[in-house]
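What follows is a set of notes on a single structure, which appears directly below.
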Amino acid sequence: MLLRSTLIYAPATLFTRLGALLFVVVATRIVDQHEYGILTLVVTVGELIDLAVTEWMRIALLRLGGKGEVSRGSLLQAGRILTGTTVLAFLLAAPASLFVLPERWLEFFIAICVYLIAGAVSRFALLVLQLQQRHTAYMLLEFLRAFLQLAFPLMTMVTDHNSFLTVSIASNLGTLIAGLVAGAIAARKIVPGPSRFTSREFFSLGMPIIAAVLVSFGLHSVERVVLNEFHGAASVAIFAAIFSLARQPINTIANAVNTGSFPEAVGRFDERGPEAASAFFTQVMALIISLSLPAAALLIALSDDLVTLILPPDYSGHHTILFAIITLTVIIANVTSFVFNAMVHAHKRPQLLIVNNTIGSMVGIALCFVLIPGMSEVGAALALAGGAVTNMIVSIIISHRLTPISVPWRAIAYAVLVALGTAGAATLATQELQFLPVFFRLGFASLAGGLVFLGLNAALHPKVTLEKLAMIRVRLSVRGETS
């Protein structure tokens, strides 16, 4: 079931991440490096405010709104709260803009406000589709969002490539249009009825989530702000571009797993108890690590060619080190969020996350001021890693006290073995094919790593491989008979 739901959401997640990657490819070549750095700061600050003020609604609705039929009363209740929290987000965006970019704070403020509006509408509509278990519609609308979010900025860059504001507004306009379409589609399946929760229940679950997000600033945002203070927006642009290249493939995997696994996990918790949810979270951890570690190893092995192919020379830096630190940090953060923190959410005890987020954030912020002044982008990556590791350790302790989650040591050992084989094959292919242009060399090296990945997984999991092959043969035979 877990692998099936992952495969259902994987295409939409992949297309969204691919669109973000293509945006990086084009924007770093067309947009002025300083403006691109400010553009990434808009996303950084916008994400932080959005997470603190509106993202908590996703978890609250998934825990209180139920699956399948979604009542009109529940959505009206959540919609009123979303409107109020979005206005609050605008109020927070003003001082944040003055702090981050005082010389152009008004442009920065406008960009963040547009980001917040588009994100709120899109996320709310897609969340309703997720609650309704309308996987195909969700996937198609994610395709639409990714396409518009790429197409609109590209058209804008042709006429105005020296303003972060116009590019930012164009990108978020695509998100807003996709969200409105998703909302119209979701509205057709809303059923009459009162709200399944009260405002008090909603806020009692949501307020601790907001507090946990606010204190997590040092885990995923502060490094770019500090980097901007010590080394300027151009350094932020370099870090953000390489961070995006390293993060997108790993997050594609984890998000595809989590989109289907979290509703299923909390459903099992409610219906069968904490032990059933714990066993399921062990499977989630095994799947995320089994897919993410080999992907990270492949990215590290191909980092030089990837940067050469995708980014302009102005974005050169410590590629391999940055890719290694960032990919492993993202895996740690994903396992923490989608496994251990998810168990805390299943228990409806989000206030406990304030503890691990605070400790991890404090470590991350301290490391930023220690490492970034002398080590620039590498220091930012190391600070991010230090905060993520600390956050994970404390999160494991907290979730263990609620319901222990078994660590799939065998799956992790297999993943390490597959990762080493995948990286080794890609590295060897890269070295032997130096005479080829970088595009073809990268393609053949990726193919070599991919084949080793499939071969090792087939050898290490023969029973599952035979079952999947049998299913494929049955489906092919059925299609052959019907045709």
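The table below gives the values:
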quantity	calculated
Residue match in region 421-430 (condition: in a helix (DSSP H, G or I), at pLDDT below 90, farther than 21 Å from Leu291 by Cβ and out of contact with any Lys or Arg (no Cβ under 7 Å at 6 or more places or on another chain))	no
Verdict on Gly218 being in a helix (DSSP H, G or I) and at pLDDT 75 or above	no
Within region 281-361, helices (runs of 4 or more DSSP H) holding 2 or more residues that are hydroxyl-bearing (Ser, Thr, Tyr) and either modelled with pLDDT under 90 or buried (at least 22 other Cβ atoms within 10 Å of the Cβ) (or both)	303-310, 319-335
Given (1) at pLDDT 80 or above; (2) part of a loop (DSSP other than H, G, I, E, B), number of the condition Asn162 does not satisfy	(1)
Whichever residue in region 184-209 is buried (at least 19 other Cβ atoms within 10 Å of the Cβ) and part of a helix (DSSP H, G or I) and, among such residues, is modelled with the highest pLDDT	Ala186
Given (1) buried (at least 18 other Cβ atoms within 10 Å of the Cβ); (2) farther than 22 Å from Asn341 by Cα; (3) free of Cβ contacts under 8 Å to residues at least 60 places away in the same chain, index of the condition Phe440 fails	(1)
Hits in region 296-305 - residues which are over 13 Å from Ala425 (Cα atoms) and among the hydrophobic types (A, V, I, L, M, F, W, C)	Ala296
Enumeration of residues in region 402-437 that are exposed (fewer than 15 other Cβ atoms within 10 Å of the Cβ), of a type in the set (S, T, N, Q) and in contact (Cβ under 8 Å) with a residue 12 or more places away in the chain	Ser406
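The values are calculated or read from the model by the stated rules, or taken from the named source; none is laboratory data. Here the structure is a predicted model, which means the values were calculated and not measured. Heads up, the Cβs are rebuilt from the backbone with ideal geometry, glycines too, and the neighbour counts pull from every protein chain shown.
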